[in-house]
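Have a look at the structure below before the remarks.
Each value in this text was obtained by applying a stated rule to the coordinates, not by laboratory testing. Owing to the predicted nature of the structure, the values given are computational and were not obtained by experimental measurement. Positions of Cβ are generated from backbone atoms using ideal geometry, with glycine treated the same way; all protein chains shown enter the neighbour counts.
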Amino acid sequence: PQVTIVGAGNVGRTLAQRVAEKNLADVVLIDIVEGLPQGVALDLIEAQGIESHDSQIIGTNNYEDTAGSDIVVITAGLARKPGMSRDDLLQVNAKIVYEAAQKAVKQSPNAVFIVITNPLDVMTYLTWKATGLPHQRVMGMAGVLDSSRLQTFIAMELKVSTADVTTMVLGGHGDLMLPLPRYCTVSGVPITELMDAATIERLVDRTRNGGAEIVKLLQTGGAYYAPASSASLMVESIIRNQSRLLPTAAYLQGQYGLNDIYLGVPCHLGCRGVEKIFEVNLTEEERSALHVSAESVRENLKIALA
Ligand code: NAI
């Protein structure tokens, strides 16, 4: 299989490394800057013998080299600087993502598209529009990352193995995301049994601000190791048709009482993309928080589509 990654910046190149070194697929890295994807690809392939993988990695500025890809991941665009919200990236990234999606789908009409560029839920909707693909074949990555941040914070707090913690974060990839402590467990034990409400709220808050915490520390851009790992998990579930149940920005048609919007919900990911959307039971409070998150995505979508 072949994965095209649009944008050879921090997230794109780290994802290329994960995909290649896990032997998931050959990788085509494409970027607008001449030399950049070629240089990154050469650097990565020079480690092939040491890392013992069989994946080919090429860098290009030409979409024709991406032809016939099974998956296209879009990371092209600006990342946040300290003090910026994801929404501040809206106008400039909308244009970049729309054009990239149009060019990529021409070469790979059968691909599944995974969008990473922020603001995530809006960029995913734009990619769906730009490609004209069935909505099942266009999705966004955010919930896996937000869930893995919460997973990490719970493990750190309880001093347990991260592997024993399962978490679920739904909603838009923004300050209004919806971590669901009721659905978080340590080896099946609900965290509500293991921590008091104030501690849970503190970890939920840290998750909501998890991206900003890293932007502030790095000063030069956003997170990319955990985002790349999160995207590679989705790539793997699709390429290997694993049907992993992963929180994914998917197109809603009535689920959770929402229509015509991309938003983070639990989905089975397989070779056809979003194979199934799961509707978990939400309390009235959770459901209205999800709708508030959806409203803010809709407002940005209006601006982007105007
Ligand atoms: P970066 O600045 O390191 O890389 C972006 C790359 O896109 C650059 O190499 C740039 O040359 C390229 N690019 C710009 N315009 C392009 C075009 N028209 N065609 C092809 N390539 C183009 O940024 P980074 O850190 O890799 O982040 C990328 C995006 O992913 C940002 O929007 C960021 O906010 C988002 N992000 C989203 C996450 C999520 O959970 N959904 C997590 C982390 C980042």
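The figures follow:
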| quantity | calculated |
| --- | --- |
| Rounded, prolate or oblate (a/c below 1.5 giving rounded, otherwise prolate when a/b exceeds b/c) for the range 222-274 by Cα gyration tensor | oblate |
| Directionally averaged shadow of the range 91-183, computed from the convex hull of its alpha-carbon atoms, nm² | 7.3 nm² |
| Where trypsin sites (Lys or Arg not before Pro) fall in DSSP loop in the range 255-306, at most 15 other Cβ within 10 Å | Arg272 |
| Within the range 55-193, percent of DSSP bridges classed antiparallel, to nearest 5 | 45 percent |
| Distant-in-sequence amide H partners of Arg244 (H built 1.01 Å from N, under 5 Å) | Leu269 |
| Label-point separation in nm, Glu279 to Asp43, each point 7 Å along Cα→Cβ | 4.8 nm |
| Label-point separation in nm, Asn259 to Ala198, each point 7 Å along Cα→Cβ | 4.5 nm |
| Most mobile of Pro190, Pro181, Pro119 in a GNM of the chain (Cα contacts under 10 Å) | Pro190 |
| Counted charge near Ala197, where neighbours are those whose Cβ lies closer than 14 Å (Asp, Glu -1; Lys, Arg +1) | -4 |
| Estimated [θ] at 222 nm from DSSP helical runs (n ≥ 4, -39500 (n - 2.57)) normalised by residues in the chain, nearest 500 | -13500 deg cm²/dmol |
| Ranked list, fewest to most other Cβ atoms within 10 Å of each Cβ, for Cys271, Cys184 | Cys271, Cys184 |
| Phi to ³J(HN,Hα) by Karplus 6.51 cos²θ - 1.76 cosθ + 1.60 over the range 31-39, Hz, x for Gly, Pro | 8, 7, 7, 5, x, 4, x, 5, x |
| Sorted by Cβ neighbour density within 10 Å, fewest at the top, the residues Asp146, Asp196 | Asp196, Asp146 |
| Amide H partners (placed H, <5 Å) of Ile5, local residues excluded | Val28, Leu29, Ile30, Val73 |
| Cα-based radius of gyration of the range 174-298 once divided by 2.2 N^0.38 Å, which approximates compact folds | 1.15 |
| Taking all pairs of distinct alpha-carbon atoms in the chain, Kirkwood radius in angstrom | 19.3 Å |
| Loop-resident sites, the range 208-301, for GluC sites (Glu not before Pro), counting at most 16 other Cβ within 10 Å (DSSP) | Glu279 |
| Note, ³J(HN,Hα) from phi for the range 293-306, Karplus 6.51, -1.76, 1.60, rounded to Hz, x at Gly and Pro | 4, 5, 4, 5, 5, 4, 4, 5, 4, 4, 5, 5, 7, 5 |
| Relative contact order %, the chain, counting alpha carbon pairs below 8 Å whose residues are six or more apart | 17 percent |
| Between 0 and 90°, nearest 10: helix 120-131 axis offset from the chain longest Cα axis | 40 degrees |
| Rounded to whole Hz, the Karplus (6.51, -1.76, 1.60) HN-Hα couplings of the range 56-62, x for glycine and proline | 7, 9, 10, x, 7, 10, 10 |
